[in-house]
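For reference, the structure discussed in these notes is given below.
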Amino acid sequence: MNSENLLFVYGTLLSGLSNHHHMAGATCLGEASVQAALFDMGEYPALCVQGAWAQPLGLVLGELYKIETEQWQRLDELEEVDPDSIENSMYLRAPIQVQWRQAERPQDGPKTVAAQVYVYNWSLAGRPRIEHGDFRRHWSMRT
């Protein structure tokens, strides 16, 4: 599988959550996880993978999707990626190693694959960390 066509989602793009309709046309490959830090931004989460805010890294749960090339622009717009300005981008798309639980071969255990992920690009000062790394669970406890 080509990492340029794989996306790890961990927040409102997850199945059953508020922005999942933006994933129309994508294929869900199953449950997955990454090593990162997850933060509560109110209505959505932020993922941090490096720097002081990311320490210590923890398990963040999500889903792995196969994305068609034409879907990236729509998703980048949703995540407020500004192709002309890193500073003006709320999120940036970055490569990440994903532990994918292959639904068709659960006996083999998780497989490590390279994928893309949207990482938060602005300050996380004052934002609480979601220690258990599961935005779906976090959201269900709030509503």
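The values are calculated or read from the model by the stated rules, or taken from the named source; none is laboratory data. All values reported here derive from a predicted model rather than from experimental measurement. Positions of Cβ are backbone-derived with ideal geometry, glycine not excepted, and every protein chain shown enters the neighbour counts. Just so you know, the surface numbers come from the protein's heavy atoms only, side chains and all, with ligands and any DNA or RNA stripped out. Shrake-Rupley method; radii C 1.70, N 1.55, O 1.52, S 1.80 Å.
Picking from residues in the range 1-34 that are part of a loop (DSSP other than H, G, I, E, B) and of a type in the set (A, V, I, L, M, F, W, C), the one that is surrounded by the most Cβ atoms within 10 Å (Cβ to Cβ) is 13. Hey, any hits in the range 56-67 for a residue that's part of a loop (DSSP other than H, G, I, E, B) and either buried (at least 16 other Cβ atoms within 10 Å of the Cβ) or acidic (Asp, Glu) (or both)? Within the range 56-67 (the criterion being part of a loop (DSSP other than H, G, I, E, B) and either buried (at least 16 other Cβ atoms within 10 Å of the Cβ) or acidic (Asp, Glu) (or both)), the answer is yes, since at least one residue qualifies.
The requirement of being open to solvent by 80 Å² or more (accessible area, probe 1.4 Å), aliphatic (A, V, I, L, M) and either touching a helix residue (DSSP H, G or I) at 6+ places or on another chain (Cβ under 7 Å) or touching a residue at least 24 places away in the same chain (Cβ under 8 Å) (or both) is fulfilled nowhere in the range 43-50; no residue meets it.
Only one of the listed residues (37, 114) is in contact with a strand residue (DSSP E or B) (Cβ under 9 Å, 6 or more places away or on another chain), closer than 16 Å to residue 11 by Cα, in a strand (DSSP E or B) and open to solvent by less than 50 Å² (accessible area, probe 1.4 Å). That residue is 37.
Only one of the numbered conditions (1) open to solvent by less than 20 Å² (accessible area, probe 1.4 Å); (2) part of a strand (DSSP E or B) is not met by residue 99, and that is (1).
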